Amino acid sequence: MAAAAAAAARHLARTILSEGRFRQPSVPRPLHGVLRAIGDGLSVPFRALGDAVDAVGKVFPGGVWAVWILLALIVAGATAVLAARRSRRALTRGEGDPGVWSEERIERASDLMRAAEAAERAGQLADAVRLRFRAGLLRLAERGTIGTPRSTPTTEVSRILASPEFDTLARRFDEIAYGGSTPVPDDVEAARREWRTVLSGSEKK
């Protein structure tokens, strides 16, 4: 009797639990197939890379860890080079702040000089140094001392001018524009003073 009652209770429990309200709702996964395919596709090159590293690590001094560290350094170096190139393109094209010089918008040295002075008044010292340097190059080009600034390397300008003042200006420009050096007010004043000397000397050549 007790066994029959227990069996009946279990049957009743199964019946109740089989009702829809106790079932796990089906969650749609529309991207499941796509994500799985992407994961499978990525696993192949990574697995091949791992196998290659294991093979090289057997003969490379330091083993597998040394190979991974070398690869990480190579990737970091390549990233730094690409970032520097993009920075140069942004400077040349005037990307970013619409107030910064772009060759497509400003074609005269006098316009660039006014932009440099406006940047200086606004406390944007890095822009002031960069703009004044571009203005100086464009002034030299307008006089016929050098070719178009975009197509004339700085090393070529340095060779033509043979000016220690220009070499100092170019070095500081590179440090600020590409090296991430933070300019100070003395840099702006030095740029103004040295460019006067450079441009004055170019008139005598």
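Taking the range 140-150 as the region of interest, how many residues are of a type in the set (Val, Ile, Thr) and free of Cβ contacts under 8 Å to residues at least 12 places away in the same chain?
Narrowing the range 140-150 to residues of a type in the set (Val, Ile, Thr): 145-146, 148.
Add one more test, that the residue is free of Cβ contacts under 8 Å to residues at least 12 places away in the same chain, and what stays is 148.
Selection size over the range 140-150: 1.
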Hits in the range 137-167 - residues which are hydroxyl-bearing (Ser, Thr, Tyr) and surrounded by 15 or more Cβ atoms within 10 Å (Cβ to Cβ):
Thr145, Thr152, Thr154, Ser158, Ser163
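A quick yes/no check of all residues on (1) among the polar types (S, T, N, Q); (2) closer than 30 Å to Ala80 by Cβ; (3) not assigned by TED's automatic domain parsing to the domain that holds Ala80:
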position: Ser158; (1), (2), (3): yes, yes, yes
position: Ala162; (1), (2), (3): no, no, yes
position: Asp167; (1), (2), (3): no, yes, yes
position: Arg172; (1), (2), (3): no, yes, yes
position: Pro183; (1), (2), (3): no, yes, yes
Boolean, Glu120 is part of a helix (DSSP H, G or I), modelled with pLDDT under 95 and crowded, with 19+ Cβ neighbours inside 10 Å
yes
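The values are calculated or read from the model by the stated rules, or taken from the named source; none is laboratory data. None of the values given here were measured: they were computed from a predicted structure. Note that we place each Cβ from the backbone using ideal geometry, even for glycine, and neighbour counts take in every protein chain shown.
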